[in-house]
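J.: So that we are looking at the same thing, I have put the structure below in structure tokens.
The values are calculated or read from the model by the stated rules, or taken from the named source; none is laboratory data. The structure displayed is predicted, hence computed values, not measured ones. Please note: Cβ atoms are built from the backbone with ideal geometry, for glycine as well, and neighbour counts cover all protein chains shown.
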Amino acid sequence: MIIDEVQSFARDFINFKEFRTSSRKAKIREAYTILTGDKIKVSCSTCYIEALLLIVNSKPMATRNYELKRGVLLEAFGDASKTCTNDTLTDELAEWYLKNQPEKIIYFSKVPSNHPAPNPSIVPQNIVIIPPIEKDMATELIEQVMEPKKKQVKAKK
């Protein structure tokens, strides 16, 4: 596509006068006409640069769907290729972590809204959940444990 071709030589065209050839100017005019429907004012060289900047900025920037919290380093045991920080994280790598190690979702600051949240009701194998002790029973246990220690401290004095 002509717009991609213009974007590929845009930096050189702006920075170096020897790259401002008539064939490249023709391609810029063509891409500008495709984008805006207007013709470039060819009276000066800055008109081409302004048109070039409009062409370059017309393409949307790539965005990431996943981001890590500040300072997080993700590592997969035995696979150095899966090690990443927020700067090196890709969407594919983030999806791999959330598929294979869903507990690591706590390290992500940005996750797409369509990503399923981890299910906290799923209990891993070999884990027994002990229900909490009632408050009255807990205070009795604490008092039973603390009483002998208090008596020992008083006896030493």
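J.: For the stretch 68-87, enumerate the residues that are exposed (fewer than 15 other Cβ atoms within 10 Å of the Cβ) and among the small types (Gly, Ala, Ser).
T.: Within the stretch 68-87, Gly71, Gly78, Ala80, Ser81 qualify.
J.: I'd like the full set of residues that are touching a Phe, Trp or Tyr at 6+ places or on another chain (Cβ under 8 Å) and of a type in the set (A, V, I, L, M), limited to the stretch 70-85.
T.: Passing the criteria: Val72, Leu74, Ala76.
J.: Considering only the stretch 37-50, I want to know if a residue exists there that is part of a loop (DSSP other than H, G, I, E, B), aliphatic (A, V, I, L, M) and either within 23 Å of Ile106 (Cβ to Cβ) or in contact with a Pro (Cβ under 7 Å, 6 or more places away or on another chain) (or both). If you could, list the steps in order and put the result at the bottom.
T.: Within the stretch 37-50, the subset part of a loop (DSSP other than H, G, I, E, B) is 37-44.
The next check asks that each one be aliphatic (A, V, I, L, M); those that pass are 40, 42.
Cutting the leftovers down to either within 23 Å of Ile106 (Cβ to Cβ) or in contact with a Pro (Cβ under 7 Å, 6 or more places away or on another chain) (or both) gives us none.
The answer is no, given that none of the residues of the stretch 37-50 is part of a loop (DSSP other than H, G, I, E, B), aliphatic (A, V, I, L, M) and either within 23 Å of Ile106 (Cβ to Cβ) or in contact with a Pro (Cβ under 7 Å, 6 or more places away or on another chain) (or both).
J.: For residues that are among the β-branched types (Val, Ile, Thr) and part of a helix (DSSP H, G or I), scanning just the stretch 6-32, find the one that is modelled with the highest pLDDT.
T.: The selected residue is Ile28.
J.: So, one more: So which residues in the stretch 1-59 are among the basic types (Lys, Arg), out of contact with any helix residue (DSSP H, G or I) (no Cβ under 8 Å at 6 or more places or on another chain) and surrounded by fewer than 12 Cβ atoms within 10 Å (Cβ to Cβ)?
T.: Lys17
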